[in-house]
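Below: the structure, in structure tokens.
The values are calculated or read from the model by the stated rules, or taken from the named source; none is laboratory data. Just so it is clear, the model here is predicted, and its values are computed rather than measured. Here the Cβ is made from the backbone with ideal geometry for all residues, glycine too, and neighbour counts use every protein chain on show.
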Amino acid sequence: MRRAFIIVSCAVMCLSLGLAFSYGGEDSKPKPVSLPSVDTWKDPTSGLTWQVSPTGGKMRWQQAQANCQGLSLGGYNDWRLPTITELRSLIRGCPATQKDGACRVGGKCMSINECWSKDTCEACSAQGGPGPGGAYWPPELSGEPGWYWSSSALADLGGHAWGVNFNSGAVKYGYVKPHEGFGSSARCVR
């Protein structure tokens, strides 16, 4: 019985090794696997992976872009500042400004005159979202609910970029050129 067990074990091991070596080739090298991190969250609705807690504090637009590009988190270093459409995909509890809501900002619509309206892009009240402290983002995310930059510049108002105020669910724009006292947060995406 013991001898049969040894023979079967050796046969299984030889077969496994034979399959591993016969598959070979450059494309068959094992790829590194990154396990989920408590610092990242994959949104099941968009498939995007987000920072759970934003880093860097309040910053100017150019600093926000550099912060995301230099981020190494959860075993990844391909982080970036999200587009306004991607950032809007995080809005929860404010139907008008959620990704496919009445507010038209996003995709190919980047003009303040054609895409933005106070009635549709600033339609919700403060602290009414499902996130911690009433933030208009998923409960899995943390951070200060306030203004967050997107990588999307306005099409018709130079020196401004789109962003989301997660305290009120508003989609609006901010001044990107450095000046005293203005800055927003950044939540990086990949």
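Looking across region 91-120 at every residue that is touching a Gly at 6+ places or on another chain (Cβ under 9 Å) and buried (at least 21 other Cβ atoms within 10 Å of the Cβ), the one that is nearest to Gln65 (Cα to Cα) is identified as Ile91. Which condition breaks for Tyr148 when tested against (1) more than 17 Å from Gln65 (Cβ to Cβ); (2) among the aromatic types (Phe, Trp, Tyr); (3) touching a Ser or Thr at 6+ places or on another chain (Cβ under 6 Å)? With respect to (1) more than 17 Å from Gln65 (Cβ to Cβ); (2) among the aromatic types (Phe, Trp, Tyr); (3) touching a Ser or Thr at 6+ places or on another chain (Cβ under 6 Å), Tyr148 is out only on (1). Taken over region 58-78, the criterion of being out of contact with any Asp or Glu (no Cβ under 9 Å at 6 or more places or on another chain), in a loop (DSSP other than H, G, I, E, B) and among the small types (Gly, Ala, Ser) is satisfied by Gly70, Ser72, Gly75.
Evaluated against (1) touching a Lys or Arg at 6+ places or on another chain (Cβ under 8 Å); (2) of a type in the set (Gly, Ala, Ser); (3) over 17 Å from Leu154 (Cα atoms), Gly93 falls short on exactly one condition, (1). The condition of being in a loop (DSSP other than H, G, I, E, B), of a type in the set (Ser, Thr, Tyr) and touching a residue at least 12 places away in the same chain (Cβ under 8 Å) holds for only one of Thr85, Thr55, that being Thr55. Are any of the residues in region 93-101 in contact with a His (Cβ under 9 Å, 6 or more places away or on another chain) and either farther than 13 Å from Gly163 by Cβ or of a type in the set (A, V, I, L, M) (or both)? Within region 93-101 (the criterion being in contact with a His (Cβ under 9 Å, 6 or more places away or on another chain) and either farther than 13 Å from Gly163 by Cβ or of a type in the set (A, V, I, L, M) (or both)), the answer is no, since none of the residues qualifies. Which ones in region 168-187 are surrounded by fewer than 21 Cβ atoms within 10 Å (Cβ to Cβ), more than 22 Å from Cys115 (Cβ to Cβ) and at pLDDT 80 or above? Scanning region 168-187 gives a single hit, Gly183. When Tyr23, Tyr76 are checked against the criterion of being modelled with pLDDT of 90 or more and among the aromatic types (Phe, Trp, Tyr), Tyr76 stands alone in meeting it.
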